[in-house]
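Asks: Sharing a structure below in structure tokens format, with a few things to ask.
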Amino acid sequence: MTRAVFPGTFDPVTAGHLDVADRARHLFDELIVLVAVNAAKHPTREGEARAEAVRAALPSAWHNVTVAAWQGLTVDYCHRHGADVIIRGVRNPADARHEQELAAMNQSLGIPTLLMPARPALASVSSTAVRAVQA
């Protein structure tokens, strides 16, 4: 059984996040959407509230997708919970550079990363932009 982790702040969850999760859930037996609990990112809501919002956004038919909140390194979660791979969405070249650096670090710690490019129609959608529209 292959288990993947899709980490992020999900503040808020976007159509782009859901698209990456949808594509990833077809590639792995289990997908865990891992809501990062990191006060340094200045989230608008606590981790468990963001995790609940992600749960509410997931279609009920996605039986192999679960959501967890986690404070700490994603690779530590992977090692503790038997996850095989980290999934990361990439919207643009700047994202790609940053994600490649993180992927190299995660690989050195024993967990590979699969970078999934955003669909063109969703590449401009970010949590920051969604928060600005909602304000």
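The values are calculated or read from the model by the stated rules, or taken from the named source; none is laboratory data. Every value quoted in this text rests on a predicted model; they were computed, and no experiment measured them. Don't worry about glycine lacking a Cβ; one is built from the backbone with ideal geometry, like all the others, and counts go over all protein chains shown. These accessible areas exclude ligands, DNA and RNA; they are computed on the full protein's heavy atoms, side chains included. Shrake-Rupley method; radii C 1.70, N 1.55, O 1.52, S 1.80 Å.
Asks: Among the residues of the range 50-80, write down those that are small (Gly, Ala, Ser) and more than 13 Å from the chain's Cα centre (by Cα).
Replies: So the first thing to find is which residues in the range 50-80 are small (Gly, Ala, Ser), and the list is 51, 53, 56-57, 60-61, 68-69, 72.
Answer for the range 50-80, where residues must be small (Gly, Ala, Ser) and more than 13 Å from the chain's Cα centre (by Cα): Ala53, Ala56, Ala57, Ser60, Ala61, Gly72.
Asks: Which of the following residues is farther than 18 Å from Ile87 by Cβ and either basic (Lys, Arg) or open to solvent by less than 50 Å² (accessible area, probe 1.4 Å) (or both): Pro7, Pro43? Step through it out loud before you land on a result.
Replies: Values: Pro7 fails: farther than 18 Å from Ile87 by Cβ.
So the residue among Pro7, Pro43 that is farther than 18 Å from Ile87 by Cβ and either basic (Lys, Arg) or open to solvent by less than 50 Å² (accessible area, probe 1.4 Å) (or both) is Pro43.
Asks: Failed condition for Val33, given (1) out of contact with any strand residue (DSSP E or B) (no Cβ under 9 Å at 6 or more places or on another chain); (2) within 18 Å of Ala69 (Cβ to Cβ), with all others met?
Replies: Val33 satisfies all of (1) out of contact with any strand residue (DSSP E or B) (no Cβ under 9 Å at 6 or more places or on another chain); (2) within 18 Å of Ala69 (Cβ to Cβ) except (1).
Asks: Take Arg55 and tell me if it is of a type in the set (D, E, K, R), open to solvent by 20 Å² or more (accessible area, probe 1.4 Å) and at pLDDT 95 or above. Quick ask: steps written out before the conclusion?
Replies: Values: of a type in the set (D, E, K, R): yes; open to solvent by 20 Å² or more (accessible area, probe 1.4 Å): yes; at pLDDT 95 or above: yes.
Yes; evaluated as a whole, the condition is true for this residue.
Asks: Residues being touching a residue at least 40 places away in the same chain (Cβ under 8 Å), in contact with a helix residue (DSSP H, G or I) (Cβ under 9 Å, 6 or more places away or on another chain) and closer than 18 Å to Phe28 by Cα: count how many of those fall in the range 78-120. Don't jump to the end; show me each part of the working.
Replies: Taking the range 78-120 and keeping what is touching a residue at least 40 places away in the same chain (Cβ under 8 Å), we get 78, 81-89, 91, 114, 116, 118-119.
Add one more test, that the residue is in contact with a helix residue (DSSP H, G or I) (Cβ under 9 Å, 6 or more places away or on another chain), and what stays is 78, 83-89, 91, 114, 116, 118-119.
Filter once more, so that each one left must be closer than 18 Å to Phe28 by Cα: 78, 83-89, 114, 116.
Qualifying residue count for the region: 10.
Asks: Restricting to the range 63-97, give me the number of residues that are open to solvent by less than 50 Å² (accessible area, probe 1.4 Å) and assigned to a strand (DSSP E or B).
Replies: Our first condition is that a residue be open to solvent by less than 50 Å² (accessible area, probe 1.4 Å); within the range 63-97, this holds for 64-65, 67-70, 74-75, 77-78, 82-83, 85-87, 89-90, 95-96.
Okay, now just the ones that are also assigned to a strand (DSSP E or B), so 65, 67-70, 85-87, 89-90.
Adding up the residues that qualify gives 10.
Asks: If only one of Val54, Val5, Val33, Val13 is over 23 Å from Asn106 (Cα atoms) and outside any helix (DSSP H, G or I), which one is it?
Replies: The match here is Val13.
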